[in-house]
Amino acid sequence: MIICQGPALCVQTDRREASAQVLAMQPPEEYLFSHKRFYFQPQLATAEYLDSLEDFEIRDSDVFLVTYPKSGTTWTQNILSLIYHEGHRDGTEDIDLLDRVPWLEYNIRGTDYINRPSPRLFACHLPYYMVPKGLRNKRGKVIYVSRNPKDVLVSYYHFSKIAVKIETAEDFDSFMEKFLSGKVLASLWLDHVEGWYGHKDNFNILFLTYEEMKKDLRSSVLKICNFLGKKLTEKELHDVVDKASFDKQRRDPRTNYEHLPPDIIEKGKGHFLRKGTVGDWKNTMTVAQSERFDSVFKERMQNLPFRFCWDINEELPS
Ligand SMILES: Nc1ncnc2c1ncn2[C@@H]1O[C@H](COP(=O)(O)OS(=O)(=O)O)[C@@H](OP(=O)(O)O)[C@H]1O
């Protein structure tokens, strides 16, 4: 089975040959593969497979977590697994998170995940127009998690230093320019979020933000449970919230991706779960960089319903 973390981290536990074939098709210096106006990780995505997703058969019980990278994907994957799997909550099962909630666009190919019992859980970074058409007809459920794009940018920048398969940022300025022009995995943040929000009526969808999860994780888990029609006891809810905390997740090698080999994550350069805070962009971006970011993002942000801390002098929520 191919195991992937986001667009950037991928490893296979078996069936290595499938990925080796795909790898052989791509020159190693190519970090981005464009298909239908969207950037993918070239080692794993093929146009043929991506096109086949259109007809991927959706079950009403399917749950799709959709994010732009670095927005809280792993966190929500963990929450979904904890909500649905008692053995995960009580620690009696030793199943990899990425087997629980695999990547639709990268790692169900060649696996039998599609034949698993319901409810099937998937994660993806796909734009709204590339997901299976069944989803676009309101079958299955979609949870869309977004995060302040300034924090996304900073998280992505640091991640590029530890993720071997994505281009290492030379410096923050040049990485920011790539981010602002959408020349990164998953393309332009604005297009992704606007696309999903603008087409929300076609989907059975719940929008969440990283910031609201940080502010009140218990309420966010309850919101997810209500959307999924899943009732947890007080003890179960407590266990989900407890095991999804940043500290617990960081200490768990499975959710901090410490088990991934060094050709996926470079050891000793940082952790996947880095800081897990709101507003860390203020520690990295200068006033000039923030203003440059605003000059591209601010106007279009006003059409979105999500309210993020934007100005460098604005106080962060407690
Ligand atoms: N439990 C928990 N609580 C708070 N924050 C968390 C948690 N789990 C992951 N994270 C933070 O999410 C950031 C990684 O985002 P993703 O998981 O979406 O990355 S990826 O797209 O799957 O590569 C990355 O953010 P930064 O720390 O700002 O870099 C992670 O630390």
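The values are calculated or read from the model by the stated rules, or taken from the named source; none is laboratory data. Since we're looking at a predicted model, the values are computed, not measured. Reconstructed Cβ throughout: ideal geometry from the backbone, glycine too, with neighbour counts over all protein chains shown. Just the protein is used for accessible areas: all its heavy atoms, side chains included, with ligands, DNA and RNA removed. Shrake-Rupley method; radii C 1.70, N 1.55, O 1.52, S 1.80 Å.
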note = Of the residues in the range 259-281, those that are of a type in the set (D, E, K, R) and open to solvent by less than 50 Å² (accessible area, probe 1.4 Å) come to D280
ask   = From the residues in the range 50-70 that are open to solvent by less than 10 Å² (accessible area, probe 1.4 Å) and out of contact with any strand residue (DSSP E or B) (no Cβ under 6 Å at 6 or more places or on another chain), which one is nearest to the ligand (Cβ to nearest atom)?
value = P69
key: Cβ-Cβ under 6 Å pairs, at least 6 apart or on other chains, the range 270-299 side on the phi > 0 side of the Ramachandran plot, far side more than 9 Å from the ligand (Cβ to nearest atom) and open to solvent by 20 Å² or more (accessible area, probe 1.4 Å)   = G279/L316
ask   = List, please: which pairs have Cβ atoms under 7 Å, are six or more places apart or on different chains, and start with a residue in the range 116-128 that is more than 23 Å from L190 (Cα to Cα) and away from the ligand (no atom under 16 Å from the Cβ) and end with one that is open to solvent by less than 10 Å² (accessible area, probe 1.4 Å) and at pLDDT 95 or above?
value = P119/D62; P119/V63; R120/D62
task = State all residues of the range 197-244 that are touching a helix residue (DSSP H, G or I) at 6+ places or on another chain (Cβ under 7 Å) and polar (S, T, N, Q); if no residue qualifies, say none.
result = N202, S220
request  = Identify the single condition in (1) touching a Lys or Arg at 6+ places or on another chain (Cβ under 8 Å); (2) more than 13 Å from the ligand (Cβ to nearest atom); (3) of a type in the set (D, E, K, R); (4) open to solvent by 60 Å² or more (accessible area, probe 1.4 Å) that R292 does not satisfy, given that it satisfies every other one.
outcome  = (1)
message = Tell me whether the range 188-210 contains one or more residues that are within 11 Å of the ligand (Cβ to nearest atom) and of a type in the set (K, R).
response = no
ask   = Just one of L222, L304, L217 is away from the ligand (no atom under 15 Å from the Cβ), modelled with pLDDT of 95 or more and farther than 19 Å from S155 by Cα; which is it?
value = L222
ask   = Hey, does the range 182-197 have a residue that's open to solvent by less than 20 Å² (accessible area, probe 1.4 Å) and out of contact with any strand residue (DSSP E or B) (no Cβ under 9 Å at 6 or more places or on another chain)?
value = yes
task = Residues that are more than 27 Å from K298 (Cα to Cα): find the helices (runs of 4 or more DSSP H) completely inside the range 110-210 holding 2 or more of those.
result = 133-136, 149-162
message = If I ask for residues that are modelled with pLDDT of 95 or more and more than 10 Å from the ligand (Cβ to nearest atom), which ones from the range 242-253 would you list?
response = D242
query = Out of (1) more than 10 Å from the ligand (Cβ to nearest atom); (2) touching a residue at least 24 places away in the same chain (Cβ under 8 Å); (3) open to solvent by less than 20 Å² (accessible area, probe 1.4 Å), the odd one out for L237 is which?
reply = (2)
key: Candidates S146, S155 - the one that is open to solvent by 10 Å² or more (accessible area, probe 1.4 Å), touching a Ser or Thr at 6+ places or on another chain (Cβ under 9 Å) and at pLDDT 95 or above   = S155
Residue tally, condition open to solvent by 30 Å² or more (accessible area, probe 1.4 Å) and either part of a loop (DSSP other than H, G, I, E, B) or more than 8 Å from the ligand (Cβ to nearest atom) (or both), over the range 71-92 = 7
